[in-house]
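Novice: Can you read through this structure? Questions will come right after.
The values are calculated or read from the model by the stated rules, or taken from the named source; none is laboratory data. Fair warning: this is a prediction, and the values are worked out from it, not measured in the lab. As a convention, Cβ positions derive from the backbone with ideal geometry for all residues, glycine included, and neighbour counts pool all protein chains shown. With ligands, DNA and RNA removed, areas are computed over all heavy atoms of the protein, side chains included. Shrake-Rupley method; radii C 1.70, N 1.55, O 1.52, S 1.80 Å.
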Amino acid sequence: MRKALRWVLSLVVLIGTLSTAGAAGAAESDTADIKDRLLAIPGVSLIQEKPYPGYRFFVLNFTQPVDHRNPKKGTFQQRITVLHKDTARPTVFYTGGYNVSTNPGRREPTQIVDGNQVSMEYRFFNPSRPDPADWSKLDIWQAASDQHRIFRALRKIYRQNWISTGGSKGGMTATYYERFYPHDMDGVVAYVAPNDVVNKEDSAYDRFFANVGTKECRDRLNAVQREALVRREPLEKKYAEVAAADGLTFETIGSLDRAYEAVVLDYVWGFWQYSLLADCDSDVIPKDAKAATDDEIWTSIDTISGFSAYADQGLTTYTPYYYQAGTQLGAPDIQFPHIEKKYIRYGYQPPRNFVPRDIEMTFDPNAMRDVDTWVRDNAKQMLFVYGQNDPWGAEPFHLGKKARDSYIFTAPGANHGANVAGLVKAQKDLATARILKWAGVAPAAVQADPAKAKPLAKFDSKLDKRDIEREMTLRP
């Protein structure tokens with residue numbers, strides 16, 4: 001009995017010693033330099049640190065498995081950035097769904113909660129691409145698992161609440177992450193996130209273009225688009241000259257002719273995605289398309305759509321996006337009732353046409369249906385923000401009766417750059433208040449009255465400069 005008692009007492013002392021040592025170690029690590037703490041995480045390495053007043057900004061590599069289901073199949077280096085403010089502040093997890101910016105920047109939720117920001121480059125966007133690239137490992141679950149591993153690693157340092165966010169394909173990414181790992185984040189703010197549930201049913205886009213803006217603006221844009229196809233021969237001659245001078249090639253899409261039509265058919269979509277109704281009166285849009293010169297038609301199309309978009313040099317960067325559009329995400333297909341059929345040779349071309357043929361693609365019609373059903377039935381502390389005049393919002397996410405503390409708001413007159421600040425006041429106040437609440441930093445006054453909600457950090461003209469998410473265009 002005495003031996004047993006002595007053993008128990010010795011065990012208690014040992015546990016106490018280990019606990020004290022562990023607490024001391026944790027306290028010591030908490031006071032270590034943030035760079036040292038980040039680099040102490042297994043698989044994290046420093047690419048660069050850039051100074052910014054009030055923050056520490058790091059560009060890092062994070063070792064990820066190529067296949068989260070079978071980590072033995074190899075690893076790759078994924079770029080992430082950390083905009084560090086204070087470990088006592090909440091953290092915003094951002095991705096645009098494409099390449100990550102290696103310059104300091106702050107997304108709207110980060111300014112609202114005055115927190116840290118972790119940004120992730122989407123897998124398979126160079127340089128975050130396995131070598132050799134097994135394209136079958138580029139899917140929404142694998143990408144969500146990338147975020148999950150990053151979160152679990154950084155959570156050891158940033159222990160306060162986390163909110164995920166992203167715009168356009170990034171908004172989709174934040175939503176998919178929530179679907180597959182619903183217990184990671186304390187809230188989701190998804191901006192202008194398309195939701196193409198049934199890929200073959202795209203009539204919502206046709207209805208959108210029949211009613212967006214004003215008839216005067218629609219007619220003006222439609223006339224320019226039609227005229228560019230009527231004048232196909234002289235404008236394609238100019239295109240060939242420009243392509244030769246700039247070294248543009250068209251092996252992936254198949255021909256300059258296909259590329260030309262794809263750019264022209266993007267014109268109206270591109271205008272509404274990136275411009276406002278007031279821009280319809282700009283000099284870039286000819287008032288009388290038939291009376292306009294070839295150069296005026298060319299300049300208008302090139303300014304809004306970009307004639308380099310479908311050259312190999314324009315497509316290469318976005319191969320991962322087109323691959324996903326053709327395997328899981330879906331892609332719009334719209335009609336052009338203002339253009340006679342004799343002028344349209346190809347119509348909206350499928351994503352398969354924008355991906356090199358040596359990359360195999362098979363479309364999964366269940367991926368988006370699964371996410372859509374999950375959001376309707378399980379959304380919790382999720383906010384979706386759309387722009388009234390943004391084509392991508394024609395097929396939005398919806399909330400069902402089982403959704404909790406979740407919202408869908410639309411900014412009037414806004415394009416693909418819609419944000420919380422552009423909502424009507426009541427919605428802006430509520431959205432801001434909920435973001436603060438989810439982040440765990442809502443002042444008592446805001447919890448009592450959402451009308452008192454406002455961003456906790458002052459606007460910074462450099463840090464908060466937010467260009468519209470130009471990546472997620474119908475044709476980048």
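Novice: So which lysines pass the test for Lys452, namely a Cα distance under 18 Å, with those fewer than 8 places away in the same chain ruled out?
Specialist: Lys425, Lys428, Lys437
Novice: So, one more: With unit charges on the beta carbons (Lys and Arg positive, Asp and Glu negative) and the dipole taken about the Cα centre of the chain, which residue among Gly417, Ser255, Cys280 sits farthest to the positive side?
Specialist: Final value for the positive-end residue is Gly417.
Novice: Treating the beta-carbon of each Lys and Arg as +1 and of each Asp and Glu as -1, no other charges, what is the dipole magnitude of segment 165-281 about its Cα centre, to the nearest 20 debye?
Specialist: Working: 13 positive and 20 negative charges, 52 e Å.
So the dipole magnitude of segment 165-281 works out to roughly 260 debye.
Novice: Next question, about the same structure. Mind listing the long-range amide H neighbours of Thr75? Cut-off is under 5 Å, sequence gap 5 or more, other chains count too, H placed in the peptide plane at 1.01 Å from N.
Specialist: The answer is Val66.
Novice: Round to the nearest 10 and report in Å² the accessible area of Glu340, as given by a 1.4 Å probe over the protein chains' heavy atoms.
Specialist: Ignoring ligands and nucleic acids, Glu340 comes out at about 80 Å².
Novice: So for segment 210-309, what percent of the C-alpha to C-alpha distances run longer than 17 Å? Numbers along the way, then the final one.
Specialist: On the way: 2395 of 4950 pairs.
So the portion of pairs separated by more than 17 Å is 48 percent.
Novice: Please report the relative contact order for segment 372-476, taking Cα pairs under 8 Å with a sequence separation of at least 6, and give it as a percent rounded to a whole number. Intermediate results must be reported in sequence, preceding the final value.
Specialist: On the way: 141 pairs, mean separation 22.5, N = 105.
Answer for segment 372-476 is 21 percent.
Novice: Give the shape of segment 122-252 as rounded, prolate or oblate, defined through the alpha-carbon gyration tensor: a ≥ b ≥ c are the square roots of its eigenvalues, a/c under 1.5 means rounded, and otherwise the shape is prolate if a/b is larger than b/c and oblate if not. Write out the running numbers ahead of the final one.
Specialist: Details: a/c = 2.92, a/b = 1.65, b/c = 1.77.
Cα axes put segment 122-252 in the oblate bin.
Novice: Hey, another quick one. Which value, in Å³ per residue, describes the convex hull spanned by the Cα atoms of segment 196-257? Please list the in-between numbers first.
Specialist: Details: hull volume 9.2 nm³, N = 62.
Per-residue hull volume (Cα only) is 149 Å³.
Novice: Moving on. Using heavy-atom solvent-accessible surface (probe 1.4 Å) with all chains present, what is the largest-first order of Leu463, Leu276?
Specialist: Values: Leu463 0, Leu276 80 Å².
Ranked from most to least accessible, the order is Leu276, Leu463.
Novice: Right, here's the next one. What accessible surface, in Å², does a 1.4 Å probe find on His398, ignoring ligands, DNA and RNA and rounding to the nearest 10?
Specialist: So the heavy atoms of His398 present about 80 Å² to solvent.
Novice: Now for a different question. Go through Thr362, Gly97, Gln77 and say which Cα lies farthest out towards the positive end of the charge dipole of the chain; charges sit on Cβ, +1 for Lys and Arg, -1 for Asp and Glu.
Specialist: Gln77
Novice: Sorted by packing (mean other beta-carbon atoms within 10 Å per residue), highest first, where do 386-396, 166-176 land?
Specialist: Numbers: 386-396: 23.2, 166-176: 27.5.
Put in order of decreasing packing, that is 166-176, 386-396.
Novice: Let me ask something else about it. Taking the 0 to 90 degree range and rounding to the nearest ten, how far is the long axis of helix 367-378 tilted relative to the main principal axis of the chain, both from C-alpha atoms?
Specialist: 60 degrees
Novice: With all protein chains present and a 1.4 Å probe, how do Tyr323, Tyr52 order by accessible area, largest first? Please list the in-between numbers first.
Specialist: Details: Tyr323 15, Tyr52 45 Å².
Ranked from most to least accessible, the order is Tyr52, Tyr323.
Novice: As a test of the formula, what do you get for the chain when each DSSP H run with n ≥ 4 contributes -39,500 (n - 2.57) and the sum is divided by the residue count, at 222 nm and rounded to the nearest 500 deg cm²/dmol?
Specialist: Details: 16 runs with 178 residues, N = 476.
Taking each H run of at least 4 residues, the total per residue is -11500 deg cm²/dmol.
Novice: How far is helix 2-30 tilted off the main Cα axis of the chain, in degrees rounded to 10, range 0 to 90?
Specialist: Long axis of 2-30 versus the principal axis of the chain: about 40 degrees.
Novice: Provide Rg over Rh for the chain; use the alpha carbon set for both Rg and the Kirkwood Rh (inverse mean inverse pair distance). Each step should come with its number before you reach the end.
Specialist: Working: Rg = 25.1 Å, Rh = 24.3 Å.
For the chain, the value is 1.04.
Novice: Also, quick follow-up: How large is the dipole of the chain about the Cα centre if only Lys and Arg carry +1 and Asp and Glu carry -1, each at its Cβ, rounded to the nearest 20 debye?
Specialist: Working: 61 positive and 59 negative charges, 484 e Å.
The calculation lands at about 2320 debye.
Novice: At 1.4 Å probe size, with no ligands or nucleic acids counted, give the accessible surface of Lys452 in Å², nearest ten.
Specialist: Surface open to solvent at Lys452 totals about 120 Å².
Novice: Compute the long axis of helix 169-180 from its Cα atoms, compare it with the longest principal axis of the Cα atoms of the chain, and write down the angle in degrees, 0 to 90, nearest 10.
Specialist: Helix 169-180 sits at roughly 40 degrees to that axis.
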